[in-house]
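This report refers to the structure that appears directly beneath it.
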Amino acid sequence: MQYLVTVIAEEANHAGSAEEMAAIDVFNDRLQAEGHWVFAGGLAGPSNATVIDNRDGAALVTDGPFVESKEFMAGFWVLQAPDLDVALRLGTEASRACNRKIEVRPFL
Amino acid sequence: MPGALTRAHRDEWARVVAALAKRFGDLDVAEEAAAEAFATAVERWPEQGVPPNPGAWLTTAATRKAIDRLRRETKRDDKHREAQMVLGDEPPGDQGVIDDDRLRLIFTCCHPALAPESRVALTLRLVGGLSMPEIARAFLVQESAMGQRITRAKAKIKAARIPYRVPRAQDLPARVSGVLAVLFLIFNEGYLPTGSHSGPDRHELTAEAIRLTRLLRALLPYDGEVAGLLALMLLTEARHAARISAGGELITLDEQDRGRWDATLIAEGHALIRERLATGEPPGRYQVLAAINAVHTSAHHIDATDWSQIVALYDRLVRLDASPVVALNRAIAIAELDGPEVALAAVERLATPLAGYHAFHATRADLLRRLGRTEQSRAAYDQAIALTGNTAQTAVLTRRRDRLTGEAPAG
């Protein structure tokens, strides 16, 4: 079972500090050692997003995020866990490591 | 016959649902099959007689119903069903602290990843066996809304894979405390319903909360807080008959006819507290609350109440739970020990955090009345009446307010 762990940030705290990045590295090493690691990454801010609508075959390209909000996704983990209890335990540690709120969501 | 059916439903429902949930790894299947098995019992038992082991009969019948349903669905959607079947065969791992299917069921229904109102609804449906209309009525919501709440919660359990298991030992205290919060919420909604269209209390909910807490106590006999919550509920329930007047008015502790208290429930509650005291373990919040109620229920008259003991217990409670509501209740006890003036000073300090809480204004009104400050008291009663949603409480507050005129300062 895989879970998406979304890092929730605001403009003011989008960039991680050196200590936060170091804590994330330690956490990532542990995820890999314990077999929970699938993928992870940090994202550039929403102002760098581009939206494409090609549903009718005439691609419309627009600047900006598809949804404007105060809080946004700043990065994510994809984790392997047998059930939600394990995923929540890892999510709790992830929130501590990156020093942000996180959201845990199962893949279908 | 209806007696045998009711008894079987009360005693066996949770066991049947829990056994099926474990076997098939799907709460939906378990709930539906259990309901069908009981429906079959309603048809057959009157004609064929009650089977010698009703629980085993019901589990077997429900298992057959579940297999039938899964066969039907397997034909329709092979892959999907296969995936669901696998879920049930997960090894419990090293965390099987107490191995009882019903306990797993309780922990799943009270999982912290579910919304609090969903935990309450799921627990009443899957563990308590209450029907959807019964639960909807108890919480004054539309049956369709309640059905949706339960369906959504079950869907999340499945999609997010909320495990069907007793938590690991190191997570157990926090998770047990989550279960107790759900049971206490059910009890309180019965004890003091908040809906303006509801009666003064809803006995079916307090009774159900006690029944479920008794079950939890049987499953976790050494947990102090489980015992504490059960004692608290029993000592509160014991005063049920004396608490509401024939006219639907709330009767406060000082005015209750103590002869109408239930001596059997009080004895059981006191025994639980003695048992906890004998362990020498430091009591948690529910145990202290139960002890406070034990002091009250030990007094045959309000004047015989050991208020210094009650204040000492509140001091203990403040150390465990420094919330303004606890401080308010402590102030009520202080009024009996040190007089209304000292208590009022303590109450006034809570004005900011408790401005929207009816009991704050009601307490303030009573203290002002006792100090002869009639006009201020009247204003405080008005605020309390405006804030309470409970009909019995409105009645007593209104009577006290309307009795104010010309009352001489007392006590």
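Things to note:
- When residues of region B:389-408 are limited to those that are exposed (fewer than 15 other Cβ atoms within 10 Å of the Cβ) and of a type outside the set (Asp, Glu), the one modelled with the lowest pLDDT: B:Ala408
- Here is the figure for region B:272-294: residues that are of a type in the set (Ser, Thr, Tyr) and surrounded by 19 or more Cβ atoms within 10 Å (Cβ to Cβ) total 1.
- On inspection, B:Thr297 passes the criterion of being part of a helix (DSSP H, G or I), under 30 Å from B:Gly339 (Cβ atoms), open to solvent by less than 40 Å² (accessible area, probe 1.4 Å) and of a type in the set (S, T, N, Q).
- Within the option set B:Ala359, B:Ala346, B:Ala386, being aliphatic (A, V, I, L, M), assigned to a helix (DSSP H, G or I) and open to solvent by 60 Å² or more (accessible area, probe 1.4 Å) holds for one residue only, B:Ala386.
- Residues within region B:5-62 that are outside any helix (DSSP H, G or I) and either assigned by TED's automatic domain parsing to the domain that holds B:Ile157 or crowded, with 18+ Cβ neighbours inside 10 Å (or both), tallied: 2
This table checks each residue for (1) within 14 Å of chain B (Cβ to nearest Cβ); (2) outside any strand (DSSP E or B); (3) of a type in the set (A, V, I, L, M, F, W, C); (4) surrounded by 12 or more Cβ atoms within 10 Å (Cβ to Cβ).
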site	(1), (2), (3), (4)
A:Ala9	no, no, yes, yes
A:Met21	no, yes, yes, yes
A:Arg30	no, yes, no, yes
A:Gly35	no, yes, no, no
A:Val51	no, no, yes, yes
A:Phe76	no, no, yes, yes
A:Leu79	yes, no, yes, yes
A:Ala87	yes, yes, yes, yes
A:Leu90	yes, yes, yes, yes
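- Pick from region A:92-108, criterion more than 14 Å from chain B (Cβ to nearest Cβ) and either over 26 Å from A:Glu20 (Cα atoms) or of a type in the set (A, V, I, L, M) (or both), ranking: surrounded by the most Cβ atoms within 10 Å (Cβ to Cβ): A:Ala94
- Of the helices (runs of 4 or more DSSP H) lying entirely inside region B:156-267, those containing at least 1 residues that are farther than 30 Å from B:Asn390 by Cα and within 14 Å of chain A (Cβ to nearest Cβ) span B:172-191.
The values are calculated or read from the model by the stated rules, or taken from the named source; none is laboratory data. All of these numbers come straight from a predicted model, not from anything done at the bench. FYI the Cβ positions are ideal-geometry reconstructions off the backbone, even for glycines, and counts take in every protein chain you see. Protein only, heavy atoms only, side chains kept; ligands, DNA and RNA dropped before computing areas. Shrake-Rupley method; radii C 1.70, N 1.55, O 1.52, S 1.80 Å.
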